[in-house]
Amino acid sequence: MWAIGCIFYQLLHGKLLFTGDFKQVIKQHKEKVIDFEIDKSLSKQNVRLIKKCLKPISLQRFSFAKLIED
């Protein structure tokens, strides 16, 4: 779900969630500590989806089944 959240963020915002050189991006992925802004023009459903997919603790993220259900 983490990867889907990253891709979804990029598709809706037109920019990468993680920036920097390869080592910096890998470190950001491993640490899962991100400070991202959500475009105010997105629907509440899209904002909720991005935030739930990008939760740092995997048990707090959407499951694939829940993603399809919503």
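The values are calculated or read from the model by the stated rules, or taken from the named source; none is laboratory data. Every value quoted in this text rests on a predicted model; they were computed, and no experiment measured them. Here Cβ is always computed from backbone atoms with ideal geometry, including for glycine, and neighbour counts include all displayed protein chains. Ligands, DNA and RNA are excluded from the accessible area calculation, which covers all protein heavy atoms including side chains. Shrake-Rupley method; radii C 1.70, N 1.55, O 1.52, S 1.80 Å.
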With the structure loaded, tell me whether residue 68 is more than 14 Å from the chain's Cα centre (by Cα) and without any contact (Cβ under 8 Å) to a residue 60 or more places away in the chain or whether it fails that test. yes
Picked from the range 13-34 (must be of a type in the set (A, V, I, L, M, F, W, C) and either over 13 Å from the mean Cα position of the chain (by Cα) or closer than 19 Å to residue 58 by Cα (or both)), the residue surrounded by the most Cβ atoms within 10 Å (Cβ to Cβ) is 17
In the range 35-65, anything open to solvent by 50 Å² or more (accessible area, probe 1.4 Å) and in contact (Cβ under 8 Å) with a residue 60 or more places away in the chain is listed as 63, 64
Selection over the range 35-70 where residues are among the hydrophobic types (A, V, I, L, M, F, W, C) and at pLDDT below 80 yields a count of 6
